[in-house]
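The values are calculated or read from the model by the stated rules, or taken from the named source; none is laboratory data. Remember, it's a predicted structure, so these values are computed and weren't measured experimentally. Don't worry about glycine lacking a Cβ; one is built from the backbone with ideal geometry, like all the others, and counts go over all protein chains shown. Heads up: the accessible areas ignore ligands, DNA and RNA and are worked out on the full protein's heavy atoms, side chains in. Shrake-Rupley method; radii C 1.70, N 1.55, O 1.52, S 1.80 Å.
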Amino acid sequence: GELDRARSLRYAGHYDEAFALVTDADARARTLDHPPVWAEAGLLLGSLQALRGAASEAAVTLDRAFLAALASDYPYVAAWAAIAATHVVGFLGHRGAEGRRWGELAESLLARIDREPRAVAALYGNLGNLAVMEGALGEARTRFEAALAVAEAGLGPEHMIVANLNANLASVFRRTGEHARALVHYQRAREIFSARFGPSHPAFATLTNNTGALLQVMGDLEGAARSYREVLAQERRAM
């Protein structure tokens, strides 16, 4: 029950409150003789550590969750721990080769969870981010477009993963100089974020800031200023 509550707080953007709850739940879970709950608690704790900027700690926690899930034959959590580690180790930790290895481990587990669309889309998106980091923009675009197709077909056009993937595609088009296409994808991501969570969610600030940066490059300084003011107002409310 506590893990479910912490998970809800995480998705709502209340990272500190979720972190406090799951830290306690994780410590108590490890006193139980039940590895599946160790794995589930570790997966959630690792994701929150990453969101709060502690990538090194998150990598260790996710590794522990992955091993506990394998030991207890819990492929769902093992797959998600590997998917998260692909991003945390490879992208946030700037260790591309290790991140891709985690991606291979995640890919090998997808069949055991019936290639759940959310998991497939998340993995492909994380691998796309690795490709962006390495400057392989063609690969990144292919990854993001494949992930978006899976997410829209399996989860619906308003899912948060669809929003994230639109933002990721926008980042690729921004880097390749296709600014108008980038703006379309940023706007689509903003529409989904706003409808699902409202403008006070922390992730919305990042998206709005990136939109402002794009508008600035495009010469729309008034639009860029509006975006930056929106982020500053949100910072005072929610961060």
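Which members of the range 191-201 meet the condition of being open to solvent by less than 60 Å² (accessible area, probe 1.4 Å) and either closer than 17 Å to ASN168 by Cα or free of Cβ contacts under 8 Å to residues at least 40 places away in the same chain (or both)?
If the condition is that a residue be open to solvent by less than 60 Å² (accessible area, probe 1.4 Å) and either closer than 17 Å to ASN168 by Cα or free of Cβ contacts under 8 Å to residues at least 40 places away in the same chain (or both), then ILE192, PHE193, SER194, GLY198 are the ones that fit.
Hey, can you tell me all the residues within the range 12-36 that are without any contact (Cβ under 8 Å) to a residue 12 or more places away in the chain and either assigned to a helix (DSSP H, G or I) or within 19 Å of ALA85 (Cβ to Cβ) (or both)?
Within the range 12-36, GLU17, ALA20, ALA27, ARG28 meet the criteria.
Given the conditions (1) open to solvent by 10 Å² or more (accessible area, probe 1.4 Å); (2) closer than 21 Å to TYR11 by Cβ; (3) assigned to a helix (DSSP H, G or I), which single one is not true for GLY53?
Evaluating GLY53 over (1) open to solvent by 10 Å² or more (accessible area, probe 1.4 Å); (2) closer than 21 Å to TYR11 by Cβ; (3) assigned to a helix (DSSP H, G or I) leaves (3) as the failure.
Kindly provide the set of residues from the range 16-38 that are within 19 Å of the chain's Cα centre (by Cα) and either small (Gly, Ala, Ser) or modelled with pLDDT under 90 (or both), ordered by number.
Within the range 16-38, just ALA18 meets the criteria.
Tell me which of these GLN216 doesn't satisfy, since it passes every other one: (1) surrounded by 15 or more Cβ atoms within 10 Å (Cβ to Cβ); (2) polar (S, T, N, Q); (3) under 26 Å from ARG10 (Cβ atoms).
Failing condition for GLN216: (3).
Could you tell me how many of the residues in the range 175-185 are under 22 Å from ARG229 (Cβ atoms) and either modelled with pLDDT under 95 or surrounded by fewer than 20 Cβ atoms within 10 Å (Cβ to Cβ) (or both)?
Number satisfying all stated conditions: 2.
For the range 26-38, which residues satisfy the criterion of being open to solvent by less than 50 Å² (accessible area, probe 1.4 Å) and among the β-branched types (Val, Ile, Thr)?
Scanning the range 26-38 gives a single hit, VAL37.
Would the range 152-160 turn up any residue that is at pLDDT 95 or above and of a type in the set (D, E, K, R)?
Yes, some residue in the range 152-160 is at pLDDT 95 or above and of a type in the set (D, E, K, R).
Taking the condition of being closer than 12 Å to HIS201 by Cβ and either charged (D, E, K, R) or open to solvent by 30 Å² or more (accessible area, probe 1.4 Å) (or both), how many residues in the range 7-25 meet it?
The qualifying residues number 5.
Would you check if there is a residue in the range 92-114 being out of contact with any helix residue (DSSP H, G or I) (no Cβ under 9 Å at 6 or more places or on another chain) and charged (D, E, K, R)?
Yes, the conditions are met somewhere in the range 92-114.
Can you report the number of residues in the range 133-174 which are open to solvent by less than 20 Å² (accessible area, probe 1.4 Å) and β-branched (Val, Ile, Thr)?
So the answer is 2.
Against the conditions (1) farther than 14 Å from ALA85 by Cα; (2) out of contact with any helix residue (DSSP H, G or I) (no Cβ under 8 Å at 6 or more places or on another chain); (3) of a type in the set (S, T, N, Q), where does SER56 fall short? Just the number, please.
Only one criterion is unmet by SER56, namely (1).
Do you know which of the residues in the range 73-92 that are over 13 Å from the mean Cα position of the chain (by Cα) and open to solvent by 30 Å² or more (accessible area, probe 1.4 Å) is farthest from GLN49 (Cα to Cα)?
Filtering the range 73-92 for residues that are over 13 Å from the mean Cα position of the chain (by Cα) and open to solvent by 30 Å² or more (accessible area, probe 1.4 Å), the one farthest from GLN49 (Cα to Cα) comes out as ASP73.
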